[in-house]
Amino acid sequence: MKIIDGKAVSLKVKDELKEQTKRLAQEQGFVPCLAVIIVGEDPASQVYVSNKKKACEYIGYKSLGFELPESTTQQELLELIEKLNNDDTVDGILCQLPLPKHIDEETILNAIDYDKDVDAFHPTNVGKIMIGNYHMLPCTPAGVMELIDSTGVSLEGKNAVVIGRSNIVGKPMSMLLLHRNATVTICHSRTANLKEICANADILVAAVGKAGFVTEDMVKEGAIVIDVGINRNAQGKLCGDVDFERVKEKAGAITPVPGGCGPMTIAMLMKNTYNAAVHRRNVIDK
Ligand code: NAD
């Protein structure tokens, strides 16, 4: 059994981007620029935003921070987005979710120029992912793909099961697996025979949000198990959706929580920022 090291894989992605960014600066005279907006003072959001800024610093991107008070109106936020949309020096715009209740998230996400939408939440980018012609990666699922690829296992013809059908994880995850020729089953809260379906998976991706949801009897011997969940167990400790200690004895490869999918999501956001910059500025990437 192999424990997939998300920190190491994410560092490799970031180091490659660092090299590419150095080359961009030397040969094209610019570095990618990411604008990060946060509204209100949600502590978890503040940690996420600070980690995103640190990743920008590490790679060598320019980052612009907009910390707006909870009382910001939807109109004010839309005006800021419009300004950033029209600013030629800004390559990526990220609006940290959740937003305060008086602001409609869909309206905000749809207002971001889809060429700068580094979260790939805009309907145009979602559609492109469905078609398979895209350069904005759905961050968490794309991170999962990197982790699966790090095992060296081919996906072609394999049974892949995704538990969860959210717009952010489950649905785009299924599309990426399908694009790689896996036979994909999406399970959700109304799925019958969940155990049997999962036990037939060569690749099992759990994105449920329930600690200890995936037990060893749901896992095929030698399967790749990717745990996207972020939960707290009864002792308040961070954990995923998979009963890691038991499942690891049966899986061929497995991601831990923390240190699995989490670091990958930010690395893929950084990759999107790079892709957005070269795409927008018509740079031929060598
Ligand atoms: P969500 O709540 O939107 O979706 C959960 C999904 O689980 C739903 O589609 C639901 O149908 C399914 N589900 C719920 N109960 C089920 C059951 N009994 N049987 C089968 N399916 C069931 O959550 P989400 O945004 O997709 O996130 C899922 C988890 O992944 C959460 O723990 C979240 O914190 C985590 N997450 C992690 C990252 C990361 O960077 N690692 C990113 C996004 C989300």
The one condition Ala251 fails out of (1) surrounded by fewer than 19 Cβ atoms within 10 Å (Cβ to Cβ); (2) over 29 Å from Leu34 (Cα atoms) is (1)
Residue by residue through region 243-267, note down the ones that are near the ligand (Cβ under 9 Å from one of its atoms) and part of a helix (DSSP H, G or I). Cys261, Gly262, Pro263, Met264, Thr265, Ile266
Restricting to region 111-129, what's the tally of residues that are farther than 24 Å from Met145 by Cα and in contact with a Phe, Trp or Tyr (Cβ under 9 Å, 6 or more places away or on another chain)? 1
Take the conditions within 9 Å of the ligand (Cβ to nearest atom) and either in the same structural domain as Glu105 (by TED's automatic domain parsing) or not in a strand (DSSP E or B) (or both) and apply them to Gly209. Does it pass? yes
Tally up the residues in region 124-155 that are over 23 Å from Ile93 (Cβ atoms), within 16 Å of the chain's Cα centre (by Cα) and either in a loop (DSSP other than H, G, I, E, B) or of a type in the set (A, V, I, L, M, F, W, C) (or both), please. 4
Unique match (being touching a residue at least 40 places away in the same chain (Cβ under 8 Å), small (Gly, Ala, Ser), out of contact with any strand residue (DSSP E or B) (no Cβ under 9 Å at 6 or more places or on another chain) and away from the ligand (no atom under 15 Å from the Cβ)) among Gly132, Gly127, Gly143, Gly152: Gly132
I'd like to know if region 222-235 contains one or more residues that are under 19 Å from Lys2 (Cα atoms), surrounded by fewer than 19 Cβ atoms within 10 Å (Cβ to Cβ) and in contact with a Lys or Arg (Cβ under 6 Å, 6 or more places away or on another chain). no
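The values are calculated or read from the model by the stated rules, or taken from the named source; none is laboratory data. Computed from a predicted structure; not experimentally measured. Ideal geometry is used to build each Cβ from the backbone, glycine not excepted, and the neighbour counts take in all protein chains shown.
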